[in-house]
Amino acid sequence: MVIAKKPMKIREEVAALKRERTLDTAVDLFYEKGYVNATLDDVADRLSVTKPFIYANFGSKNELLSEICLRGVMAAKQALDDVLEFDLGPGETLRLFITRYVAAILEHQKNIAVYTREEKNLGTAEAQKLAALRKAFVAKLTSILEQGVASGEFDVRDPNMAALAIIGSVSWSTFWYHPDGRLTIADITQNMTHLLMGLAGLKRA
């Protein structure tokens, strides 16, 4: 029985590796050329494979786009959900969230940039799913800010607007951050945490 299971495990690992290679290549091409201009032939050529290799894991180019966008959104969601598990006060929760959120967004820079630019090309069901995740994300961040206002830690007139401003500021960094640039992810995380905590009305970050 044990011997019979090993080949299946290897096949699953190989399939997962092929899927990841396809996604990594597709996100690079969608980021470089745009979703409309990048083709599955481009993806196959860069991978040095034929299109059936791609279709073995993804039914269409749009399915690739959906998975790329979902991974970016889920990275942001995970950063927030992980911080909420600590059950800290509003100030420390926001500080830790921003730190992890900035890092997660920049580590998934291309996914987030592709999602921002190509959301209009998603299928209706996929777009609605991601919009629901984004709405829940904004609601959770707004709640943190509302709690901070109630406790006197934050000074913001409109917590929902502040939440959107924080999200927008961090998301936009995917368009100017460069891995070989002057600032590292750690530098940007530190600076943006300071700036965005100030936006929430805290003078120190």
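The values are calculated or read from the model by the stated rules, or taken from the named source; none is laboratory data. None of these values were measured; they are calculated from a predicted model. Virtual Cβ from ideal backbone geometry, glycine too; neighbours counted across all protein chains shown.
Numerical summary
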quantity: Meets criteria (in contact (Cβ under 8 Å) with a residue 40 or more places away in the chain and either farther than 18 Å from T93 by Cβ or small (G, A, S) (or both)) for Q109; calculated: yes
quantity: Residue list for segment 14-50, filter: among the basic types (K, R), at pLDDT 90 or above and surrounded by 13 or more Cβ atoms within 10 Å (Cβ to Cβ); calculated: R21, R46
quantity: Matching residues, segment 159-205, being outside any helix (DSSP H, G or I), free of Cβ contacts under 8 Å to residues at least 24 places away in the same chain and under 22 Å from E92 (Cβ atoms); calculated: K203, R204
quantity: Matching residues, segment 18-31, being free of Cβ contacts under 8 Å to residues at least 24 places away in the same chain, of a type outside the set (V, I, T) and more than 18 Å from E119 (Cβ to Cβ); calculated: E20, D24
quantity: Tally, over segment 86-117, of residues that are in contact with a Gly (Cβ under 9 Å, 6 or more places away or on another chain), surrounded by fewer than 19 Cβ atoms within 10 Å (Cβ to Cβ) and not in a helix (DSSP H, G or I); calculated: 1
quantity: Extreme residue, farthest from I105 (Cα to Cα), among residues of segment 150-161 that are surrounded by 17 or more Cβ atoms within 10 Å (Cβ to Cβ) and at pLDDT below 95; calculated: E153
quantity: Matching option when the condition is modelled with pLDDT of 95 or more, touching a helix residue (DSSP H, G or I) at 6+ places or on another chain (Cβ under 7 Å) and within 24 Å of R71 (Cβ to Cβ), among K140, K129; calculated: K140
quantity: From T142, T99, T124, T116, residue being more than 29 Å from E32 (Cα to Cα) and either in contact with a Cys (Cβ under 7 Å, 6 or more places away or on another chain) or hydroxyl-bearing (S, T, Y) (or both); calculated: T142
quantity: Hits in segment 7-38 (condition: polar (S, T, N, Q), under 15 Å from I68 (Cβ atoms) and outside any helix (DSSP H, G or I)); calculated: none
